[in-house]
1. Taking the condition of being in contact with an Asp or Glu (Cβ under 8 Å, 6 or more places away or on another chain) and of a type outside the set (Lys, Arg), how many residues in segment 155-204 meet it?
2. Going by the structure shown, is Val47 under 23 Å from Ser155 (Cβ atoms) and modelled with pLDDT under 60?
3. Look through Ala203, Ala210 and report the one residue that is at pLDDT below 90, under 17 Å from the mean Cα position of the chain (by Cα) and open to solvent by less than 10 Å² (accessible area, probe 1.4 Å).
4. Mind checking which residues of segment 179-200 are surrounded by fewer than 22 Cβ atoms within 10 Å (Cβ to Cβ) and among the charged types (D, E, K, R)?
5. Name the single residue, out of those in segment 138-166 being of a type in the set (A, V, I, L, M) and farther than 15 Å from Ala210 by Cβ, that is modelled with the lowest pLDDT.
6. Please tell me if Trp35 is at pLDDT 55 or above, more than 26 Å from the chain's Cα centre (by Cα) and in a helix (DSSP H, G or I).
Amino acid sequence: MDLEAIDRPLAQRDADDESRRAERALTAIGHPAVWIVTGVLVLAAVVVAGLLLTAHPAWSRAEFALDRMLDAHSFALVDVTALVFDMMVSTVAALVLLSIAGLMIYLLADSVTAAVFLGFVGVSWAVSVGLAHLVDRPLLDLDAAHPLAGSGPLSFPSTPTVFGAAMIIGFVVVARRGPWRWGVTGIATASLAVLIWSRLRLAVGYPSDAVAGVVVAIAVAAIYYPLALNVVLPAIRGRVRRTRGSA
């Protein structure tokens, strides 16, 4: 029996498996410095825009009028849909969703991909909270919000929108090499649009808050992923290889 002939197909299969794993793995991003600088500049622009909006209440009143127009007519199905999306980004529900998403990515990909995803969403949320306190833009009329909707005293950027956008960006990054990437991107985009609409329908934020939330998530992604994939992960992998080599 030709053992070499048997071993060759096995070796080829191992190589193919390794190649597929490499294709699915998170890889370094080209021109990381450009992405990072761009992300920082965009965040700075968001802060300036937020401070200007806070300093000119007339603009907030104009946006509030748009919120009231969207909420002028009550339809049960529309209101329930908006409330469902609003509850999905409440603190407890968001933590549950994030945990489930992280577990799914761990099972379908690997622990590193799951950790990078969870880190990105967590950093995006922390940045949005910090920016909201820095800008300090209040809602004009908390009593106008839907009684069942969750709303806080600070609105810019919309932290729930940042969380939703970060989840979606994270999913797109994970799926970017998979055969189902276009389906994930389409569903994610539609979900984000409904989330933004729900914030306005329930009068728990201004349109500019929601737009700023999406921009913040994109800017954080431009900073986070180059640092994570080009600096942190290579350093960790190099240390692991050195540890294994010295064992």
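The values are calculated or read from the model by the stated rules, or taken from the named source; none is laboratory data. This is a predicted model, so every value here is computed, not measured. All Cβ positions, even for glycine, are placed from backbone atoms using ideal geometry, and neighbour counts span all protein chains on display. Only protein heavy atoms, including side chains, enter the accessible area calculation; ligands, DNA and RNA are left aside. Shrake-Rupley method; radii C 1.70, N 1.55, O 1.52, S 1.80 Å.
1. The first filter runs over segment 155-204 and keeps only residues in contact with an Asp or Glu (Cβ under 8 Å, 6 or more places away or on another chain), leaving 155-158, 160-161, 177, 198-204.
Subset that is of a type outside the set (Lys, Arg): 155-158, 160-161, 198, 200, 202-204.
Number of matching residues: 11.
2. Values: under 23 Å from Ser155 (Cβ atoms): yes; modelled with pLDDT under 60: no.
No, not satisfied.
3. On the way: Ala203 fails: under 17 Å from the mean Cα position of the chain (by Cα).
Among Ala203, Ala210, only Ala210 is at pLDDT below 90, under 17 Å from the mean Cα position of the chain (by Cα) and open to solvent by less than 10 Å² (accessible area, probe 1.4 Å).
4. Listed by number, the list holds a single entry, Arg181.
5. Initially, segment 138-166 is screened for residues of a type in the set (A, V, I, L, M), giving 139-140, 142, 144-145, 148-149, 154, 162, 165-166.
Next, only the ones that are farther than 15 Å from Ala210 by Cβ stay: 140, 142, 144, 148.
Numbers: Leu140: 57, Leu142: 48, Ala144: 48, Leu148: 40.
Per the criteria, the residue is Leu148.
6. On the way: at pLDDT 55 or above: yes; more than 26 Å from the chain's Cα centre (by Cα): no; in a helix (DSSP H, G or I): yes.
No: the conditions fail for Trp35.
Results for (1) closer than 30 Å to Ala55 by Cα; (2) at pLDDT below 85; (3) of a type in the set (A, V, I, L, M), shown as yes or no for each residue.
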position	(1), (2), (3)
Ser99	no, no, no
Gly102	no, no, no
Asp110	no, yes, no
Val127	yes, no, yes
